[in-house]
1. Please go through the stretch A:37-65 and give me each residue that is touching a Phe, Trp or Tyr at 6+ places or on another chain (Cβ under 9 Å) and not in a helix (DSSP H, G or I), ordered by number.
2. When residues of the stretch B:401-430 are filtered for being open to solvent by 30 Å² or more (accessible area, probe 1.4 Å), more than 17 Å from B:I169 (Cα to Cα), part of a helix (DSSP H, G or I) and more than 7 Å from chain A (Cβ to nearest Cβ), how many remain?
3. For the list (1) buried (at least 21 other Cβ atoms within 10 Å of the Cβ); (2) in a helix (DSSP H, G or I); (3) of a type in the set (A, V, I, L, M), I need the number of the one condition that B:L9 fails.
4. Being among the aliphatic types (A, V, I, L, M), at pLDDT 85 or above, open to solvent by less than 20 Å² (accessible area, probe 1.4 Å) and within 27 Å of B:L337 (Cβ to Cβ): is that true of B:L62 here?
5. Checking the conditions here, which among B:L363, B:L334, B:L355 is assigned to a helix (DSSP H, G or I) and open to solvent by less than 10 Å² (accessible area, probe 1.4 Å)?
6. If you go through the stretch B:23-46 one residue at a time, how many are among the hydrophobic types (A, V, I, L, M, F, W, C) and open to solvent by less than 20 Å² (accessible area, probe 1.4 Å)?
7. So which of A:A74, A:A34 ends up being surrounded by 14 or more Cβ atoms within 10 Å (Cβ to Cβ), assigned by TED's automatic domain parsing to the domain that holds A:V125 and free of Cβ contacts under 8 Å to residues at least 12 places away in the same chain?
8. Picking from B:P97, B:P132, which residue would you name as being open to solvent by 10 Å² or more (accessible area, probe 1.4 Å) and touching a Lys or Arg at 6+ places or on another chain (Cβ under 9 Å)?
Amino acid sequence: MGNIIGGAVVLVVCLIFWVQRSYSSEYGGIFPDAVLVALSILGVMLVARGVLWRDRETGWHDTGRLGYKDLGRALILLVAWVASLPILGYLYGGILFFTLVAVMMRTSRPTWKNVLLDFGVAVVVVVLFYLAFTQVLFVSLPELSL
Amino acid sequence: MFEVLGQGLLANLAPSMLLLVLIGTLSGMALGAMPGLSATMGVALLVPFTFAMDPTSGLVLLGAFYMGAIYGGSFTAILVNAPGTPSSIATALDGYPLTRQGRSEFAIVGATMGSFVGGIIGVIALIFLAPPLASFSLRFGPQEYFWVAVFGLTIIASLASGSLLKGLIGGLLGLLLATVGIAPVGGDVRFTFGEPMLQGGVPLVPALIGLFTIPEVIRLIALRTRDAHMVDETRQKDRLGGMLKEILSRPVNLIRSGIIGTFVGILPGAGGSVANLVAYNEAKRASKHPETYGKGEIDGVVASESANNGTVGGGFIPTLTLGVPGTPPDAIILGVLLLHGLRPGAELFTTSGPLVYTFIIALAVSAVMMVPVGLVAGRGLQRGVMALPVRYLAPGITVLTIIGAYAIRSSVVDVFIMLALGVAAYLLQRVGIGGASIVLGLVLGTIAETGLVQGLLTSSGAEMPWTTFFTRPISLVLIAMCLVSILWPFIQKRRTKTTTAGGQAAVPASQRPDTGEGD
């Protein structure tokens, strides 16, 4: 099933890019078109392999599969962290989500002392990087915009 | 020449100069270790500080910083699977698996010794072979650059240990991502989906961080613990002497990779991002047990690091002799040379001999200093990361990835791109399409397309412009190298099958004799 899903995803990607094709120069499309055609062919081959060899291989990679709940938690935390950047900025968003991730990664029920410890570590790490980048390396970072 | 070389050596032995090289190397290592901060950015940041110095001291500081920054990229590649620069992509392929086996210290030592040897080889080439190698590099036209990129892409055949089909799909997905934005020749705006920030293309460093690091962060947060093999506590601790002995017992891999790095560094525009991949592929091809690559093979780390530090000396060959920068940091250092009224060319070595040779020797001194500094600082950092509770490691890496992705263009869109590519890479990994092939396509896509289109344009007067890709002597050599690279894994597999069929029992890796050839 993994091969069929993988091949189908590749074909969908090809389709999305194919409808976006719009070239203004003679040679502008030569390379991307060649890549798209080759990728489509390989996508079809992967689907065909999934159908023909469904008894021989699953198509899934043999690394440990994560539970949907765990995977969902990780994705929600990361997406929320990144999505909050334009609003909370690097510093406040960083401290908030660093603490949240650290607390949620505890395997036992966290006490208030644990939460305070995680918050303290978050403040130290995030502020240290913030100062190093903005004051020493002069790299600007997203700021709070509430 | 030997007289000014001696003068350069003496100038470098002065305590003030040694201190300057040490500061440059250390600060370069610190900056290179941060994902998103490239050697180019660091060298550019350092330039204003050198204005107050005399030209020799300024150039020495910049050179040492550059050498250290290229080496520093290996730390995060090994410890948290976040290649700080494209020069360290191949380092992560085996460095991180070594970390997961609890052998990160061994990987750091391998990276240090590889960087040292590669750096020294590059400097030797710069001293003795600069003029002839520089003129040879000018014979590379668009067609040759196209084949260099194709040669780099043939590495997919080696990387795709599980399925060649899925490896090729990954590579083509990378090539497709490389076509996003303004075309390198012709200026067509392609596949931007209405987002103006995408006109500049998919940014390489955020893509690297996303494709390599985010899947690991997802795993760490989801599992709430390190992978079972992250630290192998049952394993006996490696001794430094033993690790050094083991790494130095593979001189062929160290030297070959350094030479590859030096040669690729000479080619303007190629640089460390190509060199580390080519050297990795060659190390794997030459190895007697290529199946261990990608699973924690120290030779992969050594090859990659030796090659990327080889590009430092190699890149200065066309920079100093022709005024054509081999790599982006070379372009900045070339600018500093011009600011001080120094004109690149053969006469630079005669009219400003003491300055040029002091600078070149400083690169070698920096490479030497990387060994003690790297072994102390690198191993210290490794122990710190390993001792860190995973609940702080995962958000700590996330903080770094956000900064790394944002810092390049000061754009939140780049952070979104990083996360999107990271999540996509995690899902693609589930169906066996690895991030390494995608990165390979992304890195080499622009070089391949530029070579292809420029080659067609420059030969448009010919009856069949396509044929020029197959008729030029250097192109033919590169085509032969591509064919060998593609076919080698199959030949190797066939040979292994024949050997097994012949009844020869496989010898366990731990009992293999030391051949000195990359194993």
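The values are calculated or read from the model by the stated rules, or taken from the named source; none is laboratory data. A quick note: this is a predicted structure, and the numbers were derived from the prediction, not measured. All Cβ positions, even for glycine, are placed from backbone atoms using ideal geometry, and neighbour counts span all protein chains on display. Note: areas computed on protein heavy atoms with side chains; ligands, DNA, RNA excluded. Shrake-Rupley method; radii C 1.70, N 1.55, O 1.52, S 1.80 Å.
1. A:G59
2. 2
3. Against the list (1) buried (at least 21 other Cβ atoms within 10 Å of the Cβ); (2) in a helix (DSSP H, G or I); (3) of a type in the set (A, V, I, L, M), B:L9 comes up short only on (1).
4. yes
5. B:L363
6. Within the stretch B:23-46, residues that are among the hydrophobic types (A, V, I, L, M, F, W, C) and open to solvent by less than 20 Å² (accessible area, probe 1.4 Å) number 6.
7. A:A74
8. B:P97
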